[in-house]
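**Student:** Can you read through this structure? Questions will come right after.
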Amino acid sequence: MIELLILFELRKKILTMYGVSREIHGDFSVLTTPSYGTIKPALRRLEKNGFVKTQKTISDGGRPSKFYSITEEGNQELKRLILEPPLINPIHFLPMARIKLACVEILDKDEQTKMFGELKKKAENIIVETKNLITFKDLSFYPKMVFDNLILEYKNFILLIEGFENAGAGK
């Protein structure tokens, strides 16, 4: 996920590591807040793989600065990360799916359609699995309420995807 966020921000402009962190925080703080300890190694991996290039300069104060920019390969990797099939683990699915939806603007219409379909299918499967759990398990009041709420959360997520689909159809 961190690589996706970094590449998405670098797609907009050249940034220092601090700038990357600030931009991610500004755009995605309600979804995630990665630390420098997460960002720094991710930038190194992206650079090692040719998705990001660096330029070292000396700031006005005489301190060395490293600026990061996305490469053409990085743009392709960003698309690949956004289009990756949804995560299997339900606990990670919604946060990652929301981030992908926030980045959907860089995909073409066919790629968007593919992503929307995969996210919707996964959300529908989680609803079915949750309903089965409620039906076939003897749950007490509190777990049942939590799972009922989960079903509503995924139904709302499906409505969000359908809103994206309808917005795209009008273009």
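The values are calculated or read from the model by the stated rules, or taken from the named source; none is laboratory data. Fair warning: this is a prediction, and the values are worked out from it, not measured in the lab. Cβ coordinates were reconstructed from backbone atoms using ideal geometry, including for glycine residues, and neighbour counts include every protein chain displayed. The accessibility values were calculated without ligands, DNA or RNA, using every heavy atom of the protein model including side chains. Shrake-Rupley method; radii C 1.70, N 1.55, O 1.52, S 1.80 Å.
**Student:** Give the separation of the Cα centroids, the range 38-73 to the range 13-32, in Å.
**Tutor:** Going from one Cα centre to the other spans 14 Å.
**Student:** For the range 55-171, what is the charge dipole size about the Cα centre, in debye to the nearest 20, if Lys and Arg each add +1 at the Cβ and Asp and Glu each add -1 at the Cβ? List each step's numbers first, then the result.
**Tutor:** Values: 17 positive and 17 negative charges, 48 e Å.
In total the dipole reaches around 220 debye.
**Student:** Farthest toward the dipole's positive end in the range 11-56, which of Tyr36, Leu15, Thr54, given Cβ charges of +1 (Lys, Arg) and -1 (Asp, Glu) about the Cα centre?
**Tutor:** Thr54
**Student:** Applying the Karplus parametrisation 6.51 cos²θ - 1.76 cosθ + 1.60 with θ = phi - 60° to the phi angles of the range 38-44, what ³J(HN,Hα) value in whole Hz is obtained for each residue in order, glycine and proline being reported as x?
**Tutor:** 3J(HN,Hα) across the range 38-44, in whole Hz: 9, 5, 4, x, 5, 4, 4.
**Student:** Which ³J(HN,Hα) values, rounded to whole Hz and listed in residue order, are derived for the range 92-98 from phi using the Karplus coefficients 6.51, -1.76 and 1.60 in 6.51 cos²θ - 1.76 cosθ + 1.60 with θ = phi - 60°, glycine and proline given as x?
**Tutor:** With the stated coefficients, the range 92-98 comes to 9, 4, 4, x, 5, 5, 5 Hz.
**Student:** With each run of n ≥ 4 DSSP H residues scored as -39500 (n - 2.57), what mean residue ellipticity at 222 nm is computed for the chain after dividing by its residue count and rounding to the nearest 500 deg cm²/dmol?
**Tutor:** -22500 deg cm²/dmol
**Student:** Would you mind computing the Rg to Rh ratio of the range 1-124 from its alpha-carbon coordinates, Kirkwood style for Rh? Display every interim value, and only then the final one.
**Tutor:** On the way: Rg = 15.4 Å, Rh = 15.3 Å.
We get a ratio of 1.01 for the range 1-124.
**Student:** Taking the chain as a Gaussian network, Cα atoms linked when under 10 Å apart, which of Ile82, Ile70, Ile106 shows the biggest mean-square fluctuation?
**Tutor:** Result for the chain, Cα springs under 10 Å: Ile106 fluctuates most.
**Student:** If I fit a long axis through the Cα atoms of helix 72-83 and take the longest principal axis of the Cα atoms of the chain, what angle between them do I get, 0 to 90°, rounded to 10?
**Tutor:** 10 degrees
**Student:** Give me, ordered by chain and number, the residues 5 or more places off Thr16 or on other chains with an amide H under 5 Å from its own placed amide H.
**Tutor:** For Thr16, the qualifying residues are Tyr68.
**Student:** Using +1 at the C-beta of Lys and Arg and -1 at the C-beta of Asp and Glu, which of Phe136, Pro64, Asn75 has the Cα lying farthest in the positive direction of the dipole of the chain?
**Tutor:** It is Pro64, whose Cα lies furthest towards the positive end.
**Student:** Quick one: grab Rg to one decimal and Dmax as a whole number for the range 59-119, Cα atoms only, in Å.
**Tutor:** My reading of the Cα-based Rg and Dmax gives 16.1, 51 Å.
**Student:** Restricting to Cα pairs below 8 Å that are 6+ residues apart, what does the relative contact order work out to for the range 1-137? Please round to a whole percent.
**Tutor:** Numbers: 125 pairs, mean separation 31.4, N = 137.
Answer for the range 1-137 is 23 percent.
**Student:** Please compute the Kirkwood hydrodynamic radius of the range 55-171 from all pairs of different C-alpha atoms, in Å with one decimal. Mind showing how you got there, number by number?
**Tutor:** Working: mean 1/r = 0.0590 Å⁻¹.
Here the Kirkwood hydrodynamic radius works out to 17.0 Å.
**Student:** Given a 1.4 angstrom probe, I'd like the percentage of the accessible area of the chain that is carbon and sulfur, rounded to a whole number.
**Tutor:** On the way: 5760 of 10430 Å².
Here it works out to 55 percent.
**Student:** Give the accessible surface of the range 28-128 per residue, rounded to a whole number of Å², with probe radius 1.4 Å and ligands, DNA and RNA excluded.
**Tutor:** Numbers: 5950 Å² over 101 residues.
Value returned for the range 28-128: 59 Å² of accessible area per residue.
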